[in-house]
Amino acid sequence: MKTMTGSGPEITFLTSQMLMEISGIENGPCLSLYQPTSRRHPENQEDPIRFRNLVKQLEASLQRRFSSSEVKQLLEPFHALARDTEFWNHTLEGLAVLGAPGFFRALRVSQPVDELVVVADSFHTKPLRRFLQTADRYHVLGVSLQGVRLFEGNRRTLDEVDMTRSGHDTGAQTTGETPAEGGVGIPLHHGTGGRGSEADNEADRYFRAVDRAVLERFSRPSGLPLILAALPEHHHRFRAVSQNPFLLAEGIRLNPESLSTDDLRDHAWEVIEPQYQARLESLHGEFEQAKARGTGSDDLTEVAKAAAAGRVAMLMIEAGREIAGRLDVETGRVEKAELRAPDVDDMLDDLGELVTRMGGTVLVVPAERVALPSGLAATYRY
């Protein structure tokens, strides 16, 4: 994972691997800044102003513990980002900016986050984990005569991933280049003229390179389902060579270049929604069976103890639900609180972090999709 570039911070899509690496950084102080942003003009004109105000809060906190020169060095990447006009012209719904000695990362996320600044010995990552644990995310791979484009989306938004840059960057649209070893994209007008067989072979090689790059750099790190958007003839040829286990059998059999981003998102959601709902219903059914056998529970006290012992295999958390209190991650003991306070956190978030750390799977699900009366449901390994 890269930390900084000479021309400013890399702007990236979040992956589980990236979050693990961020969580492992311990050379504090670790500065965490979260801010809701807007992707539309003129609303996004206020975003850099709000960002500078949050940086001032970081500065005030740092000044209580560090010298002026140390504070200046820690905050310089934040100030550089505040001056980056191009960055603020391409914001999404949320922003996370994380900085530590020798490390700086700006992350745009396609859902709102609460405004927050934290200076601690480790990064505050709960909003990022919540985003990763949301169960409705997916990728769309668009294949057309103009080349190949990749998108990441959910039921509300769809954003393009820049496949020509290293890592999982967002930003400018791709140019049709093969996203592997900097190869040059091959126009997809194969099968015409006297060299149809040779063109078909070139197209197959191109599709294999695209398939391999998408699998290695995007599908496998994220674990997200992949929807192919292409004309029917490109569907057949791409699927014939694809080795990507995340590629869904159903796709969008239209030229993606003929669709607006909103239309592409709507078509993608038509593909994803039935599978998404079926998955949630299946998981809830498995929970009900496990609960009847005594290998599942929706009681916070019981689940917390099981999580601390490493017994929780799957945890579902209701989106937007909070339970104020303190969770002892060593014993699983919970202490509920009536009101939120600076030293009182959301135990559902703490529980999700604990289950993830112990190797379990956590999914955040909307209340309208799955009924979780207590706000959670867990199945146990034993």
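Throughout, read-outs are computed from the coordinates displayed, never taken from laboratory work. Predicted, not measured: the structure shown is a model, and the values here were computed from it. For neighbour counting, all protein chains shown are included, and Cβ atoms are generated from backbone atoms with ideal geometry for every residue, glycine included.
I need the phi-derived Karplus couplings for the range 298-307: 6.51 cos²θ - 1.76 cosθ + 1.60, θ = phi - 60°, integer Hz, Gly and Pro marked x.
These are the phi-based 3J(HN,Hα) values: 10, 9, 4, 4, 5, 5, 4, 5, 5, 5 Hz.
Shape of the range 11-127 from its Cα gyration tensor (a ≥ b ≥ c, root eigenvalues): rounded if a/c is under 1.5, otherwise prolate when a/b > b/c, or oblate?
Oblate is the answer for the range 11-127, as a/c is 1.5 or above yet b/c matches or exceeds a/b.
Can you sort THR261, THR15 by how many other beta carbons sit within 10 Å, fewest first?
THR261, THR15
What share of all Cα pairs of the chain, in percent, falls into each consecutive 20 Å distance bin?
For the chain, the binned pair fractions read 25, 53, 20, 1 percent.
Rounded to whole Å and sorted largest first, list the principal axis extents of the Cα atoms in the range 65-105.
Computed over the Cα atoms, the extents are 34, 16, 16 Å.
Could you check the simple spin-label distance between ALA60 and GLU338, using points 7 Å along Cα→Cβ, in nm with one decimal?
Taking the simple label geometry, ALA60 and GLU338 are separated by 2.9 nm.
Rounded, prolate or oblate: which fits the range 12-62, taking a ≥ b ≥ c as square roots of the Cα gyration tensor eigenvalues, rounded meaning a/c under 1.5, else prolate when a/b beats b/c?
Here the range 12-62 falls in the oblate category.
Return the FRET efficiency for the residue pair ARG381, GLU288: r is the Cβ-Cβ distance, R0 is 22 Å, and the value is rounded to the nearest 0.05.
Once rounded, the FRET efficiency stands at 0.80.
How do HIS41, HIS139, HIS284, HIS267 line up, fewest other C-beta atoms within 10 Å first?
Fewest to most other Cβ atoms nearby, the residues stand as HIS41, HIS284, HIS267, HIS139.
Taking every DSSP beta bridge that has both residues in the chain, what percent is antiparallel when rounded to the nearest 5?
Beta bridges within the chain, antiparallel portion: roughly 75 percent.
In nm, to one decimal, how far is the modelled label at GLU322 from the one at ALA309, with both set 7 Å along Cα→Cβ?
With each label placed 7 Å out from Cα toward Cβ, I get 3.1 nm.
With label points built 7 Å along Cα→Cβ from the Cα atoms of SER67 and LEU116, find their separation and express it in nm.
Calculated label separation equals 3.3 nm.
Tell me the GluC sites (Glu not before Pro) within the range 309-380 that lie in a loop according to DSSP and have at most 11 other beta-carbon atoms within 10 Å.
Those satisfying the criteria are GLU330, GLU338, GLU368.
Would you please give the residues with an amide H less than 5 Å from that of LEU95, counting only those at least 5 places away or on a separate chain, with H modeled from the backbone geometry?
GLN35, THR37, VAL109, VAL113
Starting with the fewest neighbours, write out LEU31, LEU226 ranked by other beta-carbon atoms found within 10 Å of each beta-carbon.
LEU226, LEU31
Which ³J(HN,Hα) values, rounded to whole Hz and listed in residue order, are derived for the range 321-329 from phi using the Karplus coefficients 6.51, -1.76 and 1.60 in 6.51 cos²θ - 1.76 cosθ + 1.60 with θ = phi - 60°, glycine and proline given as x?
With the stated coefficients, the range 321-329 comes to 7, 10, 10, 5, x, 10, 10, 7, 6 Hz.
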